[in-house]
Amino acid sequence: MEQAVNDSGWRGSYEGWFDAAYASLLESGVDSVKILPLAKRLGLSRTSFYWFFKDREALLDALIARWRDTNTGNIVRQSEAYAETLVEAMLNVFDCWIDTVLFDARFEFAVRSWALQSPEIEAEVQRADAARMDALARMFLRFGHDAVTADVRARTTYLVQIGYISMQAREDVALRMKRIPHYISIFTGQDPQQRELDRFYARHGYRQE
């Protein structure tokens, strides 16, 4: 349902309500994601909400579904993407840490904060962590690592990034790009070739100085 209009006027749209909930979650946490404040934010009536969602829980479920598909889904997809070398495979995963369309770090922080007050969301986060690390471990297995080293390297790769997010660490793009070859060497045990880095930099519009 993209939009709804009746005799009393504009009711909004599914994406409009969803986007307002998403923005509120990121700005102020899950307690701010309530129907009346969202209606005021959108300049709509409270009853308009029910054209698109059964209740507040349905909206919260939609947020989690979007987070699951975007953040977990893209890490899994990137880890499975075609690559000729382990370095190239890792750089595919690193696309997630650069491209906010592939991985939304602010959304990740908001959901992890939400998990601190909800056992159900905590369980969702734990399942996501397990799925992401399992996908990364499979990537290492694909390139010849045994199960133990694949697991440890996957955990190291993933938990460093989650540490960045949890600490709300800030790096400008140039600094992060300069650090990436060293992270690749540590995580994979292999030094990246310049041609591999050049392809990675090019797809993110970065020019190496």
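The values are calculated or read from the model by the stated rules, or taken from the named source; none is laboratory data. Because the structure is a prediction, the values reported are computed rather than measured. Reconstructed Cβ throughout: ideal geometry from the backbone, glycine too, with neighbour counts over all protein chains shown. Heads up: the accessible areas ignore ligands, DNA and RNA and are worked out on the full protein's heavy atoms, side chains in. Shrake-Rupley method; radii C 1.70, N 1.55, O 1.52, S 1.80 Å.
Tabulated values for the structure
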read-out	value
Lys/Arg +1, Asp/Glu -1 at C-beta; the chain dipole; positive extreme among Val87, Pro119, Leu25	Leu25
Length-normalised contact order of the range 105-158 in % [C-alpha pairs under 8 Å, at least 6 apart]	25 percent
Centre separation in Å (Cα based) which lies between the range 152-176 and the range 78-147	11 Å
Spread of Cα-to-Cα distances over 10 Å intervals beginning at zero, given as percent, for the range 11-72	23, 59, 16, 1
Rounded accessible area of Tyr50 (nearest 10 Å², 1.4 Å probe)	100 Å²
Distance histogram in 5 Å bins (all Cα pairs of the range 85-209, percent per bin)	2, 10, 19, 22, 19, 15, 9, 3, 1, 0
Size of charge dipole - the range 145-209 - debye, nearest 20, with Cβ of Lys, Arg +1 and Asp, Glu -1, no other charges	200 debye
Placed amide H near Gly12: partners under 5 Å, 5+ positions off or other chain	Ala4
Peptide ranges 187-195, 88-96 listed from the most packed, as the mean C-beta count within 10 angstrom indicates	88-96, 187-195
The range 139-209, Rg to Rh (Cα coordinates; Rh as Kirkwood inverse mean 1/r)	1.00
Listed residues Ala147, Ala130, Ala110, most fluctuating in the chain (Gaussian network, C-alpha, under 10 Å)	Ala147
Highest average packing first - 151-161, 135-145, 56-66, Cβ atoms within 10 Å	135-145, 151-161, 56-66
Per-q log10 I(q)/I(0), the range 31-135, q = 0.13, 0.14, 0.24 Å⁻¹ (Debye; single scatterer per alpha-carbon; no solvent)	-0.59, -0.66, -1.25
Equivalent ellipsoid dimensions for the range 84-140 as semi-axes, Å, which come from the Cα gyration tensor, largest first	26, 15, 5
Accessible surface, the range 62-209, averaged per residue in Å² (probe 1.4 Å)	53 Å²
Where the Cα pairs of the chain fall when distances are cut into 5 Å bins, in %	1, 7, 14, 17, 15, 13, 10, 9, 7, 5, 2, 1, 0, 0
Size of electric dipole in the chain: Cβ of Lys, Arg +1 and of Asp, Glu -1, about Cα centre, debye, nearest 20	280 debye
Size of electric dipole in the range 1-121: Cβ of Lys, Arg +1 and of Asp, Glu -1, about Cα centre, debye, nearest 20	640 debye
Accessible surface of the chain, 1.4 Å probe, proportion on carbon and sulfur as whole %	52 percent
